[in-house]
Amino acid sequence: MMIRNYKRAVFPGRFQPFHTGHLEVVRWALEHVEELIIVIGTAQESHTIVNPFTAGERILMIKEALRWGKVDLGRIYIIPVPDILMNSVWPHYLKLFTPPFEAGVSRNPLVVRLFKEAGFGVLIPPAFERGVYSSTKIRKMIMSGDETWRKLVPPVVAEIIDSIDGVERIRSLLSGD
Ligand code: NAP
């Protein structure tokens, strides 16, 4: 039987967009927790160069990517949370929106520090081809017309981006439309 480190943990990210590296983090986290709460951070923002997709669009991308990847959705929550100006209370603020959790899953040094200082456990996942799987890189590829971005996301994520005219949205943001 697999040993679980925690009953429930949160995995925060902007997921702009959700890519194959994120999917691997979810799989890795599910080896350490019974249930994983994927927190869609910066939920208030969309239609900007760094945050092109709405929280609702990101919920859909994540749910369909997990379904495509045969992840057990019965062990997953996907919850959007707007940012706040007070970093030190942010881990506690998350509790307003989520079921109780004991730990955070993150590689982001600020997020790791905030969870630790707030008294939560921390799970730091390995990097899954971090130089390849990066939302920043994917957005840059989309902006420059490099179609290889499609290989860096689960196929259902590319389909959702196409269905919302996401490529054109990102390019128009760059041109200041
Ligand atoms: P992200 O860039 O979407 O990444 C989410 C997580 O996935 C990060 O831990 C990232 O680690 C990891 N990751 C990405 N690609 C990976 C790969 N190939 N292999 C392994 N891990 C990979 O999001 P983030 O910037 O960490 O998002 C944190 C969210 O929390 C943001 O929305 C932020 O605004 C929010 N937040 C809010 C407050 C506040 O409201 N005061 C405070 C703190 C955080 P890397 O570090 O390697 O990218």
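The values are calculated or read from the model by the stated rules, or taken from the named source; none is laboratory data. These figures come from a predicted structure and were not determined experimentally. Glycine also receives a Cβ, built like all others from the backbone with ideal geometry; neighbour counts cover every protein chain displayed. Heavy atoms of the whole protein, side chains included, go into the accessibility calculation; ligands, DNA and RNA do not. Shrake-Rupley method; radii C 1.70, N 1.55, O 1.52, S 1.80 Å.
Looking only at segment 56-66, decide whether some residue is near the ligand (Cβ under 9 Å from one of its atoms) and out of contact with any Ser or Thr (no Cβ under 7 Å at 6 or more places or on another chain).
Looking only at segment 56-66, we keep the residues that are near the ligand (Cβ under 9 Å from one of its atoms), and these are none.
No, segment 56-66 contains no residue that is near the ligand (Cβ under 9 Å from one of its atoms) and out of contact with any Ser or Thr (no Cβ under 7 Å at 6 or more places or on another chain).
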Among residues of segment 23-47 being in contact (Cβ under 8 Å) with a residue 40 or more places away in the chain and open to solvent by 30 Å² or more (accessible area, probe 1.4 Å), the residue farthest from the ligand (Cβ to nearest atom) is Glu34
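Report whether or not Ile79 is touching a Pro at 6+ places or on another chain (Cβ under 8 Å), β-branched (Val, Ile, Thr), closer than 23 Å to Phe101 by Cα and open to solvent by 10 Å² or more (accessible area, probe 1.4 Å). Give the derivation first.
Working: touching a Pro at 6+ places or on another chain (Cβ under 8 Å): no; β-branched (Val, Ile, Thr): yes; closer than 23 Å to Phe101 by Cα: yes; open to solvent by 10 Å² or more (accessible area, probe 1.4 Å): yes.
For Ile79, the condition - touching a Pro at 6+ places or on another chain (Cβ under 8 Å), β-branched (Val, Ile, Thr), closer than 23 Å to Phe101 by Cα and open to solvent by 10 Å² or more (accessible area, probe 1.4 Å) - is not met.
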Among the residues of segment 109-129, the number that are over 19 Å from Gly21 (Cα atoms) and part of a loop (DSSP other than H, G, I, E, B) is 3
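Specify which of the listed residues (Val122, Val89) is without any contact (Cβ under 8 Å) to a residue 60 or more places away in the chain and near the ligand (Cβ under 9 Å from one of its atoms). Can you show your working first?
Values: Val122 fails: near the ligand (Cβ under 9 Å from one of its atoms).
So the residue among Val122, Val89 that is without any contact (Cβ under 8 Å) to a residue 60 or more places away in the chain and near the ligand (Cβ under 9 Å from one of its atoms) is Val89.
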Considering only segment 92-104, I want to know if a residue exists there that is open to solvent by less than 70 Å² (accessible area, probe 1.4 Å), within 13 Å of the ligand (Cβ to nearest atom), closer than 30 Å to Leu174 by Cα and of a type outside the set (Phe, Trp, Tyr). no
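Return the only residue of Val71, Val33, Val26, Val39 being within 26 Å of Leu173 (Cα to Cα) and not small (Gly, Ala, Ser). Break it down into steps so the answer makes sense when it comes.
On the way: Val71 fails: within 26 Å of Leu173 (Cα to Cα); Val33 fails: within 26 Å of Leu173 (Cα to Cα); Val26 fails: within 26 Å of Leu173 (Cα to Cα).
Just one listed residue meets the conditions, Val39.
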Restricting segment 62-85 to residues that are within 23 Å of Val111 (Cα to Cα) and among the aliphatic types (A, V, I, L, M), the one nearest to the chain's Cα centre (by Cα) turns out to be Ile62
Over segment 109-132, the set of residues open to solvent by 40 Å² or more (accessible area, probe 1.4 Å) and either modelled with pLDDT under 95 or within 18 Å of the chain's Cα centre (by Cα) (or both) is Pro109, Leu110, Ile124, Pro126, Ala127, Phe128, Glu129, Arg130, Gly131, Val132
With the first residue restricted to segment 67-85 and required to be within 16 Å of the ligand (Cβ to nearest atom), and the second required to be among the basic types (Lys, Arg), Cβ contacts under 8 Å at 6 or more apart or on different chains are Gly69/Arg27; Val71/Arg27; Ile78/Lys63; Pro80/Arg58
